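Have a look at the structure below before the remarks.
The values are calculated or read from the model by the stated rules, or taken from the named source; none is laboratory data. Model, not experiment: these values are computed from the prediction. As a convention, Cβ positions derive from the backbone with ideal geometry for all residues, glycine included, and neighbour counts pool all protein chains shown. Surface areas here come from the heavy atoms of the whole protein model, side chains and all, with no ligands, DNA or RNA. Shrake-Rupley method; radii C 1.70, N 1.55, O 1.52, S 1.80 Å.
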Amino acid sequence: MADDAPKFITRLLPEDEYTHTPEAAANYNESMYFNVFDPKTQVGGWFRLGNRPNEHYAEMSVCLYLPNGRVAFMFRRAEIEDNSEMNAGGLKIEVVEPFKRIKLTFDGKLCLLERPFEMADPSTAFRNNPHVPCRIDLDYEGVSPMMGGETVRADGKPRELDPEKSFARAHYEQHVAAKGTFRVGEETYPIDGFGLRDKSWGPRHWSAINWYRWCPMNFGRDFGMMLSVIAGEAGEPRQGGVVFRDGIHDPITECVMDSDWDENGYQTALRAKVKTRGGKSYDVDGKVISLIPLRNRRTTPDGKALQTRITEGFTEYRCDGMVGYGLSEYLDQIGDDGRASGMS
């Protein structure tokens with residue numbers, strides 16, 4: 001690196017838990033994401049609220065994995081006036097104590113799917129499946145240190161980003177525990193489990209990444225992982241993530257992942273060989289219990305239609321003789337031939 005090249009640091013402040021002043025970029029996004037899975041009942045879900053204040057709406061997603069392979073799901077582009085809070089479409093996220101406690105609630109309707117694969121055609125799935133009232137109350141507790149933050153210049157000035165090629169300016173994650181209830185129609189599910197949460201802000205297009213494999217998992221309160229393989233437009237995919245064990249993070253330096261697929265190109269199982277900076281090695285096996293395929297579509301300024309597919313698999317993981325639960329989230333760009341970018 002040349003002496004006059006800017007040097008960068010990662011910065012994370014307690015006030016980053018709250019909303020930021022939006023940048024001028026039309027596609028500015030500020031999102032908070034949470035998941036939780038109860039290891040006893042194998043019921044769980046994930047929740048995301050992504051404010052796009054310059055476009056005057058928030059992307060609201062709620063996804064619950066229920067017994068017998070059922071999935072209750074809803075996505076809305078809910079109108080918002082500004083970026084003052086995380087509260088849209090019935091989903092509300094309140095910071096009780098930065099980095100330690102967050103309250104999440106949802107009050108609205110979900111589409112109850114006996115056959116979650118039907119969401120590959122969302123308009124038909126929403127039309128042909130029942131919509132049931134749902135109430136979610138969860139109290140989240142941070143059980144790990146924070147990881148990540150905003151990459152800024154050493155003098156504190158922000159990085160320069162091309163909004164059309166950006167996925168996020170800042171991003172951080174934390175392993176969590178959560179307690180509460182899911183009320184879906186006439187059914188009530190107590191929740192006492194573990195998961196992962198993250199937050200990001202900055203310009204975002206879902207099509208900015210060629211493909212990725214993101215696998216958060218927990219084997220209990222003091223053992224969890226986040227596996228990450230990300231491919232940009234060119235070059236070798238970046239392997240990374242973190243192992244959380246005995247109160248500390250051990251960054252992953254190598255993550256070689258192999259997946260099995262069904263006839264739709266959805267993941268059914270995975271195997272990962274993991275090495276960490278601390279010299280540890282892990283073999284991880286994952287089996288998808290239930291999966292829902294989601295998508296994002298947009299048209300570029302020059303008229304090109306883009307489609308991003310995100311398959312969200314509730315996954316059972318095994319490592320070091322332990323059984324845990326989490327997600328296998330696979331993002332791919334879908335080509336004109338219908339093929340997913342990460343399968344070639």
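A few remarks follow.
- Percent accessible area from carbon and sulfur atoms, the stretch 207-335, protein chains only, probe 1.4 Å: 46 percent
- Per residue, the stretch 170-255 exposes an accessible area of 37 Å² to a 1.4 Å probe, with every protein chain left in place.
- Positive end of the dipole of the chain (Cβ unit charges, origin at the Cα centre): among VAL71, SER84, GLY232, the Cα lying farthest that way belongs to VAL71.
- Between SER290 and PHE314, the built amide H atoms are under 5 Å apart, and every one of these is 5 or more places off in sequence or on another chain.
- For the stretch 6-69, relative contact order (Cα pairs under 8 Å, six or more residues apart, normalised by length) works out to 26 percent.
- Mean-square fluctuations from a GNM of the chain, with a 10 angstrom spring cutoff on Cα atoms, peak among GLY241, GLY69, GLY324 at GLY69.
- Translational D in µm²/s for the stretch 231-344 (Stokes-Einstein at 20 °C, 1.002 mPa s, Kirkwood Rh from C-alpha pairs): 135 µm²/s
- With a threshold of 19 Å on the Cα-Cα distance, the over-threshold entries among LYS92/LYS199; LYS103/LYS199; LYS100/LYS199; LYS199/LYS304; LYS40/LYS92 are LYS199/LYS304; LYS40/LYS92.
- Neighbour net charge for GLU312 - beta-carbon separation under 12 angstrom, K R +1, D E -1: +2
- Gaussian network model of the chain, springs between alpha carbon atoms under 10 Å - residue of LYS273, LYS92, LYS304 with greatest fluctuation: LYS304
- Size of the stretch 1-67 as Cα extents on the principal axes (Å, biggest first): 58, 32, 23
- Note: relative contact order over the chain, using C-alpha pairs below 8 Å and six or more positions apart, is 14 percent.
- Contact order normalised by residue count of the stretch 1-115, Cα under 8 Å, 6+ apart, percent: 20 percent
- Here the sum of -39500 (n - 2.57) over DSSP H runs of 4 or more residues, divided by the residues of the chain, equals -500 deg cm²/dmol at 222 nm, to the nearest 500.
- Size of electric dipole in the chain: Cβ of Lys, Arg +1 and of Asp, Glu -1, about Cα centre, debye, nearest 20: 300 debye
- Net charge contributed by nearby residues that have their C-beta within less than 10 Å of ASP222 (K/R +1, D/E -1): +1
- Qualifying trypsin sites (Lys or Arg not before Pro) in the stretch 2-52, where qualification requires a DSSP coil assignment and no more than 11 other C-beta atoms within 10 Å, comprise LYS7, LYS40.
- Nitroxide proxy distance, nm - points 7 Å out along Cα→Cβ at GLU85 and THR10: 3.2 nm
- Measuring how big the chain is from its alpha-carbon positions, Rg and Dmax come out at 19.3, 65 Å.
- Applying a DSSP loop filter and a limit of 13 other Cβ atoms within 10 Å to the GluC sites (Glu not before Pro) in the stretch 45-112 leaves GLU81.
- Summed over all non-identical Cα pairs, the Kirkwood treatment of the stretch 194-277 gives a radius of 14.4 Å.
- Carbon/sulfur fraction of accessible area - the stretch 11-112, other protein chains in place, 1.4 Å, %: 47 percent
- Largest GNM mean-square fluctuation among VAL143, VAL274, VAL95, using the chain with Cα springs under 10 Å: VAL95.
- In this structure, the amide hydrogen of TRP211, modeled 1.01 Å from its nitrogen in the peptide plane, lies closer than 5 angstrom to those of ALA231, counting only residues at least 5 positions away or on a different chain.
- Normalising by residue count, the stretch 126-234 has a Cα convex hull of 178 Å³ per residue.
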